[in-house]
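The values are calculated or read from the model by the stated rules, or taken from the named source; none is laboratory data. Given the structure is predicted, the values throughout are model-derived calculations rather than measurements. Cβ placement follows ideal geometry from the backbone for every residue including glycine, while neighbour counts extend to all protein chains displayed.
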Amino acid sequence: MTQITLDDLKGTHTLVGISGGISAFKTVQLVSSLVNSGADVEIVLTPNAFQFVGPASFQGLTGRKVRSDIFDCPQGERASHVELGLWADLYLIAPATATCLAKMAAGLADNLLVATYLAVDCPVLVAPAMNSRMWAHPAVQAQVAKLCEFGVEFVGPESGRMACGEPGEGRMSEPEDIYRAIVKHLAGNRQGS
């Protein structure tokens, strides 16, 4: 993995949602870069994400409890998805699986990641990751088009060899490319303030 050139992101709030795909391991490096840039980072894991990454890595990097339960809400506070949605300057979902994209496009808020997506009032970046045949499927492409209509922006996917061993388009973008997309949005938000 290449070294990411860090920008000053002090005072920014980046929410990172991670769905259940093998590319989730790349998100650890990305979160490390965000934290080392001075960004405040909150993590939301879907139940399936736990099959690929554990919360300890992200808690160690961010110094914050990893969120995953839609019903985990401290007494006296707003619901977690609402609170996170108000807090975030940017919501990144990486990796975003076919299931995740379908739920987002349909507004199916059966997990904290999607419920928070529906509650944010900030830019949303999505880094898809799936087999190339899945990515090319008309159902997935229809979901991507619908999400673009909603204002969601996509980083990737890229072409290359995937975890399944097959080449093709569907590979999650590299952490440094996603990081640059985040910086572009957060810098734009600062200039607009």
Is the stretch 5-21 home to any residue that is under 24 Å from Pro123 (Cβ atoms) and part of a helix (DSSP H, G or I)? no
Of the residues Glu77, Glu83, which is under 23 Å from Asp40 (Cα atoms) and either assigned to a helix (DSSP H, G or I) or at pLDDT 95 or above (or both)? Glu83
Scanning the stretch 55-68 residue by residue, the ones that are surrounded by 12 or more Cβ atoms within 10 Å (Cβ to Cβ) and either of a type in the set (Phe, Trp, Tyr) or not in a helix (DSSP H, G or I) (or both) total 6
Scan Phe71, Phe25 and give me the residue that is of a type in the set (Phe, Trp, Tyr) and either assigned to a loop (DSSP other than H, G, I, E, B) or over 28 Å from Val144 (Cα atoms) (or both). Phe71
If a residue has to be under 13 Å from the mean Cα position of the chain (by Cα), over 11 Å from Val44 (Cα atoms), among the aliphatic types (A, V, I, L, M) and in a helix (DSSP H, G or I) to count, how many in the stretch 88-118 make the cut? 2
When the stretch 147-158 is checked residue by residue, the ones that are surrounded by fewer than 20 Cβ atoms within 10 Å (Cβ to Cβ) and either within 14 Å of Ser23 (Cβ to Cβ) or touching a Leu at 6+ places or on another chain (Cβ under 6 Å) (or both) are Glu153, Glu158
